[in-house]
Amino acid sequence: MGLPVRVALMGLALLLGLGPSARALDDPVARTRIERLPNGLTVLLLEDRTTPVVSFQVWVRVGSRDEARYTGLAHLFEHMMFRGTARLEPEAHGRLIQARGGRVNAYTTRDVTVYFEDVTSESLPLVIDLEAERFANLRIEEATLASEREVVLEERRMRTETRPSGRAFEALLALAFQSHPYRWPVIGWRSDVEAVTVAACREFFDAFYAPNNLVIVVVGAFEPDAALAHLRRAFGKLEPAGRIPRNPTAEPEQTGERRATVHFEARSPLVTAAWHAPATGHPDAEALDVASQILSAGRSSRLYQRLVYSEQQALAAHGAYWELGDAGLFYAMARVRPDASLPRTEALLFEEIERLRREPVAPHELAKARRQLEVGLVAGLETTSSLASRIGSDYVMLGRIRPLEERLAAIRRVGAEDVQRVARTYLRTDRRSVVVVQPPPADPGDGRP
């Protein structure tokens, strides 16, 4: 699924700063064709015959932020969509794709739910029919709900309830967001998953799994006119929703530091912090990305060098600028060594944040961070799947598909003063939330020293 050597070399030359190749770099997404069916379904088509592979993605504009009564419903439906229809047995969808050598899966975020298949070109008609079938005739009944409820509860136990990092991140989001629905976990609170009803599931499906709330992305070796005609036949009969409900709650400005402690039996305590940052597409996004690379990208980053290597207080340290549809977070996390001091580790972490605010970054740090981001962007040209994801994400979140050169130029424009400016603007002490995960204090009566 890689690109031809010609394109790969163009990308390499671009990243090495050889100016003329920047104009020669081919950005396939510029050829994306946008169509809309009468029922509101949006279709994005990009023919790219680099390989005989087709990526088919259905972006549903619903995530955990859209849940009203029961949290976890968006993620629960990611599971339910594989549990059969009026004409297909449970898991038949996946088996039919995999039997032809394809890949099928899905994921849920706070903003969207995405279903995707990567197949060879001759299997595209089957994929279209299978997707249309489950959107038209999904089986939503008590037995299916009961089965998937247990799967989700086990997933929650394994990923969140029994892991210090899961506990930390869940508590951090609930602390940083006081009002906005981003505060609850995508997988949902356990009590909601346990209590959700079939009626609530059907109501959720009818509200959000309508064609006028979908964006279908098709990228790869296919004939666009034939695929569009097939999509019209298969999806055109779906009825649009009259109204798609959205949660109107906005997050108020944070006006002071927030702190919480989670008691959990962990050999290595955790210290985590988050600062409110802009939503996706904001002009400061690239400067925040550069700042996060300097702080926490790899073993040469500031957090790793100071906390792990030099001071030997942490086993790991990382962070990132996390963009969401309505808001964003800049977060950092350090895993404290069992023989080290948690307060000392926290102090070192915030010293590095303050240094970013106080001092301009060095030229070599800036150049390296920008190069890392450029490499990541160009790597997005390598597969049909990554192209489809880029197209779908941009269109759903921003309403347009950003040219690669636009994004590369924005990264190159970031200077040391921009990094310092966004650090001073967003990484303020009175705008941060801090969660510490540590063992509970010893009870005099429990026999521990």
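The values are calculated or read from the model by the stated rules, or taken from the named source; none is laboratory data. It should be emphasised that the depicted structure is a prediction, and the values quoted were computed from it without experimental measurement. Neighbour counts are summed over all protein chains in view; Cβ atoms, including those assigned to glycine, are modelled from backbone coordinates with ideal geometry. Just the protein is used for accessible areas: all its heavy atoms, side chains included, with ligands, DNA and RNA removed. Shrake-Rupley method; radii C 1.70, N 1.55, O 1.52, S 1.80 Å.
Scan the range 137-157 and give yes if some residue there is within 30 Å of Val219 (Cα to Cα), out of contact with any Gly (no Cβ under 6 Å at 6 or more places or on another chain) and in contact (Cβ under 8 Å) with a residue 40 or more places away in the chain, otherwise no. Among the residues of the range 137-157, at least one is within 30 Å of Val219 (Cα to Cα), out of contact with any Gly (no Cβ under 6 Å at 6 or more places or on another chain) and in contact (Cβ under 8 Å) with a residue 40 or more places away in the chain, which makes the answer yes. Of the residues making up the range 97-149, those that are surrounded by 15 or more Cβ atoms within 10 Å (Cβ to Cβ), more than 24 Å from Thr71 (Cα to Cα) and polar (S, T, N, Q) are Thr120, Ser121, Ser123. Counting residues in the range 236-244 that are free of Cβ contacts under 8 Å to residues at least 40 places away in the same chain, closer than 18 Å to Arg36 by Cα and open to solvent by less than 70 Å² (accessible area, probe 1.4 Å) gives one or more.
For the range 381-392, residues that are touching a residue at least 12 places away in the same chain (Cβ under 8 Å) and either assigned to a helix (DSSP H, G or I) or small (Gly, Ala, Ser) (or both) total 8. In the range 293-307 there is at least one residue matching the filter, namely being closer than 24 Å to Glu359 by Cβ, free of Cβ contacts under 8 Å to residues at least 24 places away in the same chain and charged (D, E, K, R). Restrict the check to the range 187-197 and report whether at least one residue is surrounded by 17 or more Cβ atoms within 10 Å (Cβ to Cβ), in a loop (DSSP other than H, G, I, E, B) and under 19 Å from the mean Cα position of the chain (by Cα). Yes; the residues of the range 187-197 include at least one that is surrounded by 17 or more Cβ atoms within 10 Å (Cβ to Cβ), in a loop (DSSP other than H, G, I, E, B) and under 19 Å from the mean Cα position of the chain (by Cα). Could you tell me whether any residue of the range 290-305 is part of a helix (DSSP H, G or I) and more than 26 Å from the chain's Cα centre (by Cα)? Looking through the range 290-305, at least one residue is part of a helix (DSSP H, G or I) and more than 26 Å from the chain's Cα centre (by Cα). Applying the criterion of being among the acidic types (Asp, Glu) and either touching a residue at least 12 places away in the same chain (Cβ under 8 Å) or crowded, with 20+ Cβ neighbours inside 10 Å (or both) to the residues of the range 45-96, the residue that is farthest from Glu35 (Cα to Cα) is Glu67. Yes or no: the range 158-167 includes at least one residue that is open to solvent by less than 50 Å² (accessible area, probe 1.4 Å), touching a strand residue (DSSP E or B) at 6+ places or on another chain (Cβ under 7 Å) and either farther than 30 Å from Glu253 by Cα or not aliphatic (A, V, I, L, M) (or both). Within the range 158-167, one or more residues are open to solvent by less than 50 Å² (accessible area, probe 1.4 Å), touching a strand residue (DSSP E or B) at 6+ places or on another chain (Cβ under 7 Å) and either farther than 30 Å from Glu253 by Cα or not aliphatic (A, V, I, L, M) (or both).
Looking at Thr108, Thr113, Thr71, just one residue is more than 23 Å from Glu131 (Cα to Cα) and at pLDDT 95 or above, and that residue is Thr71. The set of residues from the range 396-418 being among the aliphatic types (A, V, I, L, M), more than 15 Å from Thr280 (Cβ to Cβ) and in contact (Cβ under 8 Å) with a residue 24 or more places away in the chain comprises Leu404, Leu408, Ile411, Val414, Ala416.
Residues that are charged (D, E, K, R) and more than 30 Å from Glu417 (Cα to Cα) within the range 367-406 comprise just one, Glu382. In this structure, Leu342 does not qualify as open to solvent by less than 40 Å² (accessible area, probe 1.4 Å), modelled with pLDDT of 95 or more and touching a helix residue (DSSP H, G or I) at 6+ places or on another chain (Cβ under 6 Å). Let me spell it out: the conditions are (1) without any contact (Cβ under 8 Å) to a residue 40 or more places away in the chain; (2) under 20 Å from the mean Cα position of the chain (by Cα), and Arg344 meets all of them except one. Which number is the exception? Only one criterion in (1) without any contact (Cβ under 8 Å) to a residue 40 or more places away in the chain; (2) under 20 Å from the mean Cα position of the chain (by Cα) is unmet by Arg344, namely (2). Looking across the range 222-257, just one residue is in contact with a Phe, Trp or Tyr (Cβ under 9 Å, 6 or more places away or on another chain) and acidic (Asp, Glu), and that is Glu251. Here is a check on your reading of the model: is Ala369 assigned to a loop (DSSP other than H, G, I, E, B), modelled with pLDDT of 95 or more, of a type outside the set (S, T, N, Q) and farther than 26 Å from His180 by Cα? Judged against the criteria, Ala369 is not a match.
Summed over the range 248-271, residues that are open to solvent by 40 Å² or more (accessible area, probe 1.4 Å), within 21 Å of Trp184 (Cβ to Cβ) and assigned to a loop (DSSP other than H, G, I, E, B) total 6. Selection of the range 35-44 for residues being part of a strand (DSSP E or B) and surrounded by 14 or more Cβ atoms within 10 Å (Cβ to Cβ) yields Glu35, Thr42, Val43, Leu44.
Condition check ((1) basic (Lys, Arg); (2) more than 27 Å from Pro28 (Cβ to Cβ)) across all residues:
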{"residue": "Val53", "(1), (2)": "no, no"}
{"residue": "Arg69", "(1), (2)": "yes, yes"}
{"residue": "Arg83", "(1), (2)": "yes, yes"}
{"residue": "Ala99", "(1), (2)": "no, yes"}
{"residue": "Tyr115", "(1), (2)": "no, no"}
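If you check Leu408, Leu381, Leu377 for being more than 19 Å from Gln305 (Cβ to Cβ), open to solvent by less than 20 Å² (accessible area, probe 1.4 Å) and at pLDDT below 95, only one passes: Leu381.
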